[in-house]
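Okay, structure first, notes after.
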Amino acid sequence: MRHAIDYGTRELNREAAAMAKYQHNGAGPILEVRDLRTHFMTRQGLVRAVNGVSFELEKGETLGLVGESGSGKTITCLSILRLLPRGGQVVGGEIILEGQDILKTSEDEMGRLRGKKVGMILQNSMAALDPVFSIGTQIAEPLVAHQGLPWKRALAGAIDLLRMVKINDPEVRVRNYPHELSGGMRQRSSSAASIGPHPDVLIADEPTTALDVTTQRQYLDLLKELQKATGMAIIFITHDISIVGNLCDKLAVFYGGLVVEYGSKDQVLNNPSHPYTKALLKALPILGEKRERLQTIPGEPPHAGNLPPACPFHPRCEQAMDNCKEGDAPPIFDLGYGHQARCWLLEKDDEQYSR
Ligand code: SF4
């Protein structure tokens, strides 16, 4: 029988264990998210945006959070930064950054960690950059705030960072305002501002959505180069599973505020085990393969304020059984070597189970 993993009933004092693990020669994950639950109280009622999300991130590693809009990816990352929109609250779980549960740190301490330990690149670079300040000012400010550099040196650092993200004529561009740059240059400048203070973890929230395909490819290559140069870990949020193959080491597939499948890139892409992951991959065009029409997933993703009971994917799942529609959500089943998925089909004996 496969073993279900219940994060809620483990006996270990996780915080102490994580601290001990990290302090032991600095090994162990740089970030651990354990059974995270984030809810919103709205006029329409309770919105359960994140319902028990767990993952780990090692130094220098890239984790892709994949799923449709509203599946809980961005709210998970805003919970890590403790920058939730109004009405949002983390109601359970732990977020261990370098051995420290950041849900228990003071707001002052959190202000110091943000940007310095965990940086974020937003989806919309126009919204991320302030239109009334020059690019140089906006890249230099975090260097003053987090690295204590005097203004002149911070501005020189801004020029170096613009050069690092491959912007031509950085000495000129540093004086430009956001509206004077192309979309691709704005996204690079916004990335320069985020990586300037050398964060250990960089969250990139759909950074390529507004870019054309060629610029998107160049930007993803740049992100990999920057990671190699700085050693930072990256959490890459995307709704597009087709772009994670070259970029990510691990994947967490989100649906209805849950991670429904988790594992190495190869495990998830080459051996998908959850019906939702399989459906996402079947919807991708394959170069050189002729198909009459691409498969689509029937129905709509659920709204977090009105999640289906039990398995949130059951109204769209072709393999749904009676026990998928009532009772609790399926537990996480361990498929071996770190590969996990939440689906009752995986409860079967190994002999009975077939993909
Ligand atoms: Fe489909 Fe049931 Fe598995 Fe959910 S638990 S993905 S409904 S088979």
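Of note:
- In the range 322-346, residue nearest to Glu56 (Cα to Cα) [restricted to those that are of a type in the set (Asp, Glu) and at pLDDT 90 or above]: Asp334
- When residues in the range 94-135 are screened for being without any contact (Cβ under 8 Å) to a residue 40 or more places away in the chain, closer than 30 Å to Ser182 by Cα and either crowded, with 18+ Cβ neighbours inside 10 Å or among the hydroxyl-bearing types (Ser, Thr, Tyr) (or both), 1 of them pass.
- Single condition Ala154 does not satisfy, out of (1) closer than 25 Å to Asp221 by Cβ; (2) assigned to a helix (DSSP H, G or I); (3) free of Cβ contacts under 8 Å to residues at least 24 places away in the same chain: (1)
- A count restricted to the range 309-345 and to residues that are within 14 Å of Lys278 (Cβ to Cβ), surrounded by fewer than 21 Cβ atoms within 10 Å (Cβ to Cβ), near the ligand (Cβ under 8 Å from one of its atoms) and under 27 Å from the mean Cα position of the chain (by Cα) stands at 1.
The values are calculated or read from the model by the stated rules, or taken from the named source; none is laboratory data. Because the structure is predicted, anything quoted here is derived from the model rather than measured. So basically every Cβ, Gly included, is an ideal-geometry build from the backbone, and we count neighbours across all protein chains shown.
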